[in-house]
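Each remark here refers to the structure printed beneath this line.
The values are calculated or read from the model by the stated rules, or taken from the named source; none is laboratory data. Given the structure is predicted, the values throughout are model-derived calculations rather than measurements. Glycine also receives a Cβ, built like all others from the backbone with ideal geometry; neighbour counts cover every protein chain displayed. The area values use the complete protein model at the heavy-atom level, side chains included, leaving out ligands, DNA and RNA. Shrake-Rupley method; radii C 1.70, N 1.55, O 1.52, S 1.80 Å.
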Amino acid sequence: MVGQSRKWMILVAATWIQAFTGTNFDFSSYSSDLKSVLGISQVQLNYLSVASDMGKALGWCSGVSLMYFPLWAVMFMAAFMGLFGYGLQWFVIQRLITPPYVLVFILCLLAGCSICWFNTVCYVLCIKHFQANRALALSLTISFNGVSAALYTLIANAINPNDDTIYLFLNALVPLFASGAALIPVLRQPPIQSLRADATRRDSIIFLCLIILAVITGLYLLLLNSLSSDVSKARMLLVGALFLLILPLCLPGIAYAREWARRNFPSRFPSDNSSTFNLVDPDDFELHKELIAGSESTNATSATNANSHGLIDTEGFFRCFECFGKLMEKDRLTVLGEEHSAKLLVRRWDFWLYYAAYFCGGTIGLVYSNNLGQISQSLGYSSLTSSLVTLYSSCSFFGRLLSAAPEFLRDKIYFARTGWLAVALVPTPIAFFLLAVSGSEAMLRAGTGLIGISSGFVFSAAVSITSELFGPNSAGVNHNILITNIPIGSLLYGLLAALVYDSNEGSSIIGVSLLKEATLCMGRSCYRQTFIWWGCISIVGLASSLFLFLRTRTAYNRFERNRNRTQVMQSYSQ
């Protein structure tokens with residue numbers, strides 16, 4: 001029982017780490033000040049944003065470090081990288097030091113690496129201690145990374161709402177304090193235990209309660225953050241937000257008390273065997289492979305009649321895409337969970353379709369958030385930058401939470417996770433074309449919210465999709481290969497936006513020092529052409545996700561049929 005309580009403490013600690021280490025989301029809050037102090041162009045500012053995102057390409061370093069150092073040491077390495085990277089940037093923006101541009105670039109790179117290292121720590125904690133409900137644990141903890149900007153806005157407004165440079169100071173110190181708060185649970189990790197089916201069901205119910213609490217937290221930050229412009233109100237709201245983050249600490253005690261009452265008063269509790277609320281154990285992949293090997297001929301004939309097994313038949317809707325799908329039938333995935341080495345991964349058509357969907361979908365949303373400060377400034381809404389950053393962050397949070405929906409809906413409506421990915425990418429091109437058509441405040445907020453929800457879903461669901469398509473044991477390496485598209489996309493998409501911004505005829509020159517000057521573009525024309533390009537690129541990502549769904553839906557349907565067959569056999573044996 002004590003081990004179960006410690007396990008939930010681990011989840012709460014991972015939630016805290018994610019909630020306070022998504023420091024890349026508030027880049028737009030201080031990017032204009034950084035640009036002015038350094039006296040750089042929009043293209044050079046974009047390179048600093050790319051440097052922060054390049055930490056994703058170096059994510060493998062954190063995995064290698066875990067081979068030689070304990071988990072708590074890697075966590076504090078990440079904290080001190082952020083302290084050094086963001087702390088010196090704060091000295092720069094306060095004009096206390098004047099380093100060359102190259103050094104500022106390196107500081108941004110170091111700060112970006114710290115975020116990736118924190119993410120690796122959380123992934124390892126969730127995968128290690130929640131093997132049966134790994135997808136739910138990852139979705140829940142990753143979602144809290146999306147509220148970081150909202151939390152930092154509350155803290156900044158509680159200190160000084162008129163000072164945007166304080167974000168860098170908070171980015172340097174807050175993750176270090178969060179790491180200290182999470183240290184005891186990380187040090188006192190329970191031994192790994194295999195759970196029985198009834199224990200897995202109980203864990204699923206606790207996860208449902210946690211997700212409901214997470215939704216309440218997200219709504220609290222989204223709806224009440226607009227009231228935080230006043231210092232006293234911001235402090236009250238910050239206390240409420242911290243209370244909501246601390247509230248899950250009650251779960252270990254509840255879990256302990258529940259187990260004690262179940263053992264001492266068994267008649268008061270209904271049998272868990274009657275519950276149908278259960279999620280798929282990732283270890284079932286091997287069992288399903290054996291079933292598939294023994295019934296390959298049966299699956300071949302039943303694949304065209306999925307409705308008889310309660311699955312969604314999308315044949316009619318996607319019939320027009322079949323001719324294109326047949327062009328890529330070679331080497332398609334037929335079994336989920338098969339382990340792929342890096343060498344085999346890059347030779348898969350499915351991987352490159354997946355890569356393109358992420359590259360043209362989720363990554364472009366991240367680049368939009370990095371440019372949000374200049375976008376709002378060019379449209380004449382500079383005072384709304386913090387609220388827009390909070391809106392994107394909160395909507396990204398809800399998008400990440402929505403990635404857990406397939407786990408809860410699978411008993412009623414089963415749909416391949418790659419299909420959910422395609423659905424999640426639909427709002428992105430719509431949002432960009434709406435932003436290109438109108439520059440009103442309402443459209444800016446609506447577009448920001450849509451892009452935040454879409455990209456948040458992609459970021460969270462991608463970890464589970466990588467595990468399902470290319471093997472759970474290889475997910476750490478394979479996912480780091482996938483997210484190399486983030487720095488590449490940040491460079492290309494950001495460079496496109498910066499070139500359009502700097503070359504616009506409406507640009508004006510503002511002197512920021514005797515030797516330096518920075519360009520400032522005002523008007524809708526600064527980003528309208530960029531929005532059109534980004535919208536077209538996101539359509540490519542949507543098309544790639546549709547082709548990926550067509551190629552993988554057979555494997556997902558086979559997996560679900562064999563899962564249902566396994567459950568029927570288990571019920572008969574009981």
Roll a 1.4 Å probe over the protein heavy atoms and report the accessible area of W352 in Å², nearest 10.
120 Å²
Name the long-range amide H neighbours of C521: under 5 Å, sequence gap of 5 or more, or other chain; modelled H, no Pro or chain starts.
S508
Placing one equal point scatterer on each C-alpha of region 463-502 and summing with Debye, one gets log10 I(q)/I(0) at q = 0.20, 0.28, 0.34 Å⁻¹ equal to -0.61, -0.82, -0.99
Which value results when the Cα radius of gyration for region 1-141 is divided by 2.2 N^0.38 Å?
1.20
Using a 1.4 Å probe and ignoring any ligands, DNA or RNA, find the accessible area of M236 and quote it in Å² to the nearest 10.
140 Å²
Quote the accessible area belonging to I184 in square angstrom, nearest 10, computed with a 1.4 Å probe and with ligands, DNA and RNA left uncounted.
110 Å²
Residues whose built amide H sits under 5 Å from the amide H of Y414, excluding neighbours closer than 5 in sequence, are I312
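Can you bin region 40-91 into rounded, prolate or oblate? Criterion: square roots of the alpha carbon gyration tensor eigenvalues sorted a ≥ b ≥ c, rounded for a/c under 1.5, prolate for a/b above b/c, oblate for the rest.
Numbers: a/c = 5.75, a/b = 1.82, b/c = 3.16.
Because a/c hits 1.5 or more and a/b fails to exceed b/c, region 40-91 counts as oblate.
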Please give me the summed charge of the neighbours of C126: other residues whose Cβ is under 12 Å from its Cβ, Lys and Arg +1, Asp and Glu -1.
+3
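Give, in whole angstrom and from largest to smallest, the semi-axes √(5λ) of the equivalent ellipsoid of region 4-62, with λ running over the eigenvalues of the Cα gyration tensor. Please list the in-between numbers first.
Details: eigenvalues 230, 43, 7 Å².
Working from the Cα gyration tensor, I get semi-axes of 34, 15, 6 Å.
Ranked highest first by average number of other Cβ atoms within 10 Å, how do 486-498, 338-350 line up? Please report the intermediate quantities before stating the final value.
Values: 486-498: 21.4, 338-350: 15.4.
In descending order of packing, they fall as 486-498, 338-350.
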With the calculation restricted to Cα positions, what are the radius of gyration and Dmax of region 127-247 in angstrom?
17.2, 54
Apply the Debye scattering formula to region 425-504, with a single equal point scatterer on each alpha-carbon and no solvent, then give log10 I(q)/I(0) at q = 0.14, 0.16 Å⁻¹.
-0.65, -0.79
Per principal axis, largest first, the Cα atoms of region 95-180 extend in Å by 51, 32, 21
Using heavy-atom solvent-accessible surface (probe 1.4 Å) with all chains present, what is the largest-first order of R553, R445?
R445, R553
